[in-house]
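What follows is a set of notes on a single structure, which appears directly below.
Derivation of every value follows stated rules applied to the coordinates shown; laboratory data play no part. Predicted, not measured: the structure shown is a model, and the values here were computed from it. With ideal geometry, Cβ positions are generated from the backbone for all residues, glycine too; neighbour counts draw on all protein chains shown.
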Amino acid sequence: MEYILKNGIVYDPANEVNGEKMDICFKDGKIVEDVSADAEVLDVTDKIVMPAGVDPHAHVAGPKLVVGRLYRPEDERRGVAQKTKVTRAEAGFSIPSCPTTGYRYSRMGYGTVCEAAMPPLEAKHTHEEINTIPNIDINPLPLFGNNWFVMEYARENRIDDLAAFIAAMLRVSKGYGVKIVNPCGSEAWGWGMNVHGYDDKAPYFDVTSREVVRALAKANEQLGLPHSIHIHPNDLGHPGNVPTTIATLDSIKDIAKSTKASAGVRDQTIHCTHAQFHSYTGNSWKDAASGAEEVADFINKNPYVTCDVGQVTFDETTTMTADAPMEYDLFKISGLKWANKDIECETAAGIIPCIYSPKTPVSTLQWAIGLELFLHIENPWQVCLTTDHPNAGPFIRYPKIISWLMSAEKRMSMIDNGEVHKWASKRTGLAGLEREYDFYEIATISRAAPARIHGFQDRGALTPGYNADIAVYDINPNDFDPSKDPEGVEKAFSNAYYTIKDGQIVVKDGDIVSTKQSHTIWTNVIGYEEEEKQIIDSIMPFFTQYYSVKWENYQVHDHYVPNPTRVDVEAK
Amino acid sequence: MTYEPPVTDYDHIVENCTCAFCGCNCDDLDFLVKDGHVVAVRHACRLGASKVMEDMDQRLLVPMVRNEEGVLEEVDWDTALDTAAKYIAESVRPVFYGWSETSTECMKEGVELGEYIGAVLDNQATICHGPSLQAMQNAGYPIQTLGEVKNRADVIAYSGSNAMNSHPRHLARYAAFPRGYFRQRGRFDRTVITMDPKFSDTAKMSDKWIGFEQNGDYGFYNALRAVLKGKKLQSESVSGIPAEDIYELAAEMEAAEFGVLFFGLGLTHTLGKQRNIDIAIKLVQDLNTNSKWGLTPMRGHFNVNGFNIFMAYETGWAFGVDFCRGYGRYMMGETNTIDLLVRKEPDCFMVIAADPGAHFPNGANQHLANIPVIQIDIHWGPSTELADVVLPGSFISVECGGTSYRMDGVPIWMKKAIDKPETCRDDEWIVRELKERVMKLREEPNVADEYVPNEGLACLLDK
Amino acid sequence: MKTITFDQKKTSSIALEFDELITDNIYSWTEEDFAAYKVPVGNSRFPITDYFDITVEGEAESPAEVKMILNGDCNRVKYIGCKMSAGEVVVNGDADLHVGAEMSGGVVTVFGNVAAHAGREMKGGKLEIMGNTKEFCGASYIGEWRGMSGGEIIIHGNAGKQCGECLVGGKIHVLGDCDILAGIHMTKGTIEIDGNVNRWPGGQMKNGNIVIHGKVGRLLEGFVEQGIVTDPELDGIVYPGRYIEYKGDIALNGKGTLIIDAEKNRDRLSTWIEEDDEYNAIREYRAQ
């Protein structure tokens, strides 16, 4: 089937197309240079055309999502919608059910989402959920930062073994890249403790976060994985965590990026996720203030670093992270229901409901710091749009964030009208920031940059040969001032005029018109087969003794990945 | 127990099979197969082994339909499926109950059928650990995988659960006895506490038995929480336990390096129901201030947790989800099987991999006798006597592969070891067939003409 | 003023759902509108006129001017008055689940018994039940920690388990007895019970008031006796008489107040002063 999107105004930052009126053709699910005269014409005259969105960090599938859904029926009730001829019944606000997740991303014009935390032991569960989410492709990142084997290798600096272990685990869990959450801290949580700072040691394992992160970064570059290490640094959400954040990013300065073709797309060697939660100064919440400028300054000077923001959106949401000790601290403050899930030899997770209110000082401070990061980081290729869904807010608020970024007037009116707490002006520099994003920069932070950071070679751009993942929004940029009409921006980006996924029209005029099975994107390392076998043989006695499942049942069989997109990495 | 000589007469061994009995889902079983039958099972407990080996005992082999004389009559698959599909298609308030002894792959077909026709989907949680789910919805859910217990736990408490009898390998494989990474001496490195009115078999092998009075659970845990908060008890004894014993227990629990509370139906079904679990969860949360504690409900069927997890990610709610209006609803006392049956609401009941005839209260079963009941199961049981259509399924983990979730949420692929009897079908196939036949018989009810977002989603409302 | 009368023609074993038939929606409806309306029953919809004869009298410009009268045995009619904001509903008979749930204004009166979840998450208005009610009266939705936040529920009969669970405001007055765990998890508001109470009132309460005029079966350890109080005043309301005051639930450092009738629960007190002029005077006053 051939299509031509006619007369759209195209923003395609990867190909440096900035608001040009042109036609986009696609055929059999791929973007092509040209189509025949039989092609179906989709008239998008004077509407914004962008590659479909890529979310670089969200929590949409997996065991902790299910714990959230299981224990928050009151949240599910907030998003109920009746089934239609195309869609199934919807449920959920901050932690929507799987079908709902797919529909809502589609309506916003998204095509790919990274599931940012997959415990290998429960990878089958994550994949079952991915298969239930329609319309969006998902690349899950397995958790490595508190894995017992990883900590052993890091302590003894066995980088070759670690590389083989990563290669094996990506295959076993059908994962995409290396995710590190609160390195050594979640292991310390096994004893009800945490690590404080980057050079604190995990109990018993006698290894610091610094050693774990550096070892994983070296192994990641040795393999030449498409994505760099994806880190959630220590001390999340604690006032005064800026030095930890900067120390983490600074520590891998000397590690060179892999020269392999598979790593050729990306520029960075470390991706710092939800940087907003890691940019606080002060000693306690009493004197906390914004450290956004310092963190942004570091990122501006160091092109090997990228980040996503984790913007707070003022909603009642659910926080869930593998940083379990932090969640317990939050529980102690809020007193709301606390869920926790420790996973043997690998990780832990904590979950609590969280209310971000513009009337409370801390939420407002977090909100302002997030926006400051967006506005201080000069190169939009180094920063991505996220809410760390659902931690700082549900993903359906992305359009709202876009409207804030595009309108200084809107931000100022929120501060001036007292819509937000006065900490926004007193403790951050947000009020002094005039910068406004344009559509080209929005296209960068929500599509092109995340795709490049994840090393995708088939999406995030409208290059011929790429997947036909396209979003069209009903705005004429030549006749529309986003700075003056933030509501118009939010409305348009909430309800895509067209969302096209692999050449199939899934959304038309904000409504789901068809659904399709999502792909699971995973990385297949080639060339380490012998090393992988050796490393698995070497861990087997330990595995058999201390895991509670058999190795045969630990692996994710093909049964769970019925629709894979395999990314082959020539590691040797 | 008498000595039984080991079985030596077998054709081949299938290794790493998963036990399809309790929520422990032991995945280290070896099936000894001869002539297409499992003749012996290694590593399993007696409960699991006998379930696998005696798979042909009272086995349902052919589809049956109850005829006008009220007698079950053997029919072919088409007739049976068409009859069942007709019952479902014509129903106004269908309830699909069970699912806990089948795979998530089968549930997937079931939820599609349920959403299509507007049924209530519910599982055994409604009669067993439903209160636990309600409590965690009110209070939270601090859990850990069983491997964490094995490697770290030095204090293990069983409350209202007789694991020695109900989950025989729980203590041996995960909790009390195994040598964990930080507990190299196994049982000697751990303290086992049993809280149970009865001096059960689990209590007999425990270091400590707290035999509080029946229905005294809530008061006992409340006192324990007060003591943990540093308060002095006003009474000399609470729920039959002397005050000094409560102080001692609180101190012991707080001194744990890693403690785990396992609780069973003894806690969920005494006076106070979900509130007993509620306060136990709060207790565990309090204990985490100075120690590390978690808890795990001792789920009964091997995939009862699987259904709750499956429903949560497919529909948003764990169990008792009512689709009759075209969207999901979950409400205690309204969308649960027992309440519906006692209120005499359902007019069609499909039971899959469960036995309401044996487990439901009399009032509920009385209504089942009056309405069409479709049974998908592998064994003859009291429910077969209530059934109007009987569809013989196959045995997950023995005759058919599938996914299940252990009591702690770890997913396990249960592989196939032998072939099913020729006349039986896989559960997944049966439910898919029913779905397709129902779709032909009745147009989908309660479909919205267009998508109307919930008022909770303000940003999507005005387009 | 508009009066809409529903006279029952036949009962249904499957519950009818009245969530669309609330004053906010039907204040402008005519008899023809009702004749065309199909009520949800299970997975289907059937004409409402199969079940009720509906007569409409008068005119209404707003929901507040509507009086809805249901005559008959409505113990299979769910969601009566659910989410309504104004107007009046009278049920002459029993009512099913969720009567007056989430209502924010108006008055619902039931002259019969009511099933569970009556007045769930009520925000305002008044719900009066002449008979008994079952579990979770004035409670929260499962998992929600903010229950009934305003308005008033009066139950002339007995209330079931966990009455006023997670109460965060408003008042519940039970004139009969109450089952276990009344006011569990409550943080604000008042529950007054004239009859006897089974075990454990106020379990895990953080704040708020519970007043019990009858006998209490068993109290939790988390409640600490504060002594006898006379004519206590709670949230501006004076409760005449002598009461034993408790604070709790200290198991979670709660600051709630529980007062129970002193004479009926005198076995709880180690010392009891028989000769108390003040108290005798009150007793005589009450006897009048």
With only alpha-carbon pairs counted, each pair once and no self-pairs, how large is the Kirkwood hydrodynamic radius of segment A:202-309 in angstroms? 14.5 Å
Taking the Cα centroid of segment A:51-125 and of segment A:410-468, what is the distance between the two, rounded to the nearest whole Å? 22 Å
Quick one: check the C-alpha center-to-center distance for segment B:216-285 versus segment B:359-413, whole angstrom. 36 Å
With θ set to phi - 60°, apply the Karplus curve 6.51 cos²θ - 1.76 cosθ + 1.60 along segment A:73-80 and write out the HN-Hα couplings as whole Hz, x wherever there is a Gly or Pro. x, 5, 6, 4, 4, 6, x, 6
Estimated Rh, chain C: Kirkwood, alpha-carbon pairs, angstrom: 19.9 Å
Residue by residue, what Karplus-based ³J(HN,Hα) values in Hz, rounded to whole numbers, does segment A:14-30 have, using 6.51, -1.76 and 1.60 with θ = phi - 60° and x for Gly and Pro? 4, 9, 6, 9, 10, x, 8, 7, 7, 9, 10, 10, 8, 8, 6, x, 10
The FRET efficiency for A:Phe543 and B:Lys34, from their Cβ-Cβ distance with R0 = 30 Å and rounded to 0.05, is 0.45
Rounded to whole Hz and in sequence order, give me ³J(HN,Hα) for segment C:75-80 from the Karplus expression 6.51 cos²θ - 1.76 cosθ + 1.60, θ = phi - 60°, writing x for Gly and Pro. 7, 10, 10, 8, 6, 5
Compute the separation of the alpha-carbon centres of segment A:240-274 and segment A:512-545 and state it in Å as a whole number. 24 Å
Once the dipole of the protein assembly as shown is set up from charges on Cβ (+1 Lys and Arg, -1 Asp and Glu), the residue from the list A:Pro134, C:Asn207, B:Thr194 lying farthest towards its positive end is B:Thr194
Taking the 0 to 90 degree range and rounding to the nearest ten, how far is the long axis of helix B:217-228 tilted relative to the main principal axis of chain B, both from C-alpha atoms? 40 degrees
Name the long-range amide H neighbours of C:Val108: under 5 Å, sequence gap of 5 or more, or other chain; modelled H, no Pro or chain starts. C:Val89, C:Lys126, C:Leu127, C:Glu128
Please compute one quarter of the surface area of the Cα convex hull for chain A and express it in square nanometres. 23.7 nm²
Environment charge of A:Ala256, counting only residues whose C-beta is closer than 14 Å and scoring Lys/Arg +1, Asp/Glu -1: +3
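Across chain B, how large is the tail of the calculated P(r) beyond 40 Å, expressed as a percent of all Cα pairs?
That fraction is 26 percent.
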Could you grab the Rg to Rh ratio for segment A:114-266? Cα atoms only, Kirkwood for Rh. 0.97
How many Å³ per residue does the convex hull of the Cα positions in segment B:228-300 occupy? 98 Å³
Suppose only helical runs count, i.e. DSSP H with n ≥ 4. What mean residue ellipticity at 222 nm does that imply for chain B under -39500 (n - 2.57) per run, divided by all residues and rounded to the nearest 500 deg cm²/dmol? -9500 deg cm²/dmol
Average projection area in nm² (convex hull over Cα atoms of segment B:298-349, one quarter of hull surface): 4.4 nm²
What does the charge add up to near A:Asp23, with Lys and Arg as +1, Asp and Glu as -1, over the other residues with Cβ less than 11 Å from its Cβ? -2
Once the dipole of the protein assembly as shown is set up from charges on Cβ (+1 Lys and Arg, -1 Asp and Glu), the residue from the list C:Ile129, A:Phe26, A:Thr499 lying farthest towards its positive end is C:Ile129
Angle check, please: helix B:77-89 long axis (alpha carbons) against the longest principal axis of chain B (alpha carbons), in degrees 0 to 90, nearest 10. 70 degrees
Quick one: grab Rg to one decimal and Dmax as a whole number for the protein assembly as shown, Cα atoms only, in Å. 31.3, 106
Using modelled amide H (1.01 Å from N, peptide plane; none on Pro or chain starts), what sits under 5 Å from the amide H of B:Trp209, excluding residues fewer than 5 places away? B:Thr194
Virtual spin-label span in nm between A:Asp254 and B:Ala251, 7 Å along Cα→Cβ: 5.3 nm
Computed over the Cα atoms of segment A:88-151, the Rg and Dmax in Å are 13.6, 44
Counting only residues 5 or more places away or on other chains, whose amide H sits under 5 Å from the amide H of A:Cys384 once H atoms are built in the peptide plane? A:Cys307, A:Asp308, A:Val309
With Cα coordinates, the longest principal axis of chain C makes an angle with the long axis of helix C:277-287, in degrees rounded to 10, of 30 degrees
For segment B:130-297, the Cα-Cα pair-distance distribution in 10 Å bins from 0, as whole percents, is 11, 42, 39, 8, 0
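C:Thr49: net charge of surrounding residues, Cβ under 13 Å, Lys/Arg +1, Asp/Glu -1, itself excluded? All intermediate terms of the calculation are to be shown ahead of the outcome.
Values: positive: C:Lys9, C:Lys10, C:Lys38, C:Arg45; negative: C:Asp7, C:Glu31, C:Glu32, C:Asp33, C:Asp50, C:Asp53.
Neighbourhood net charge equals -2.
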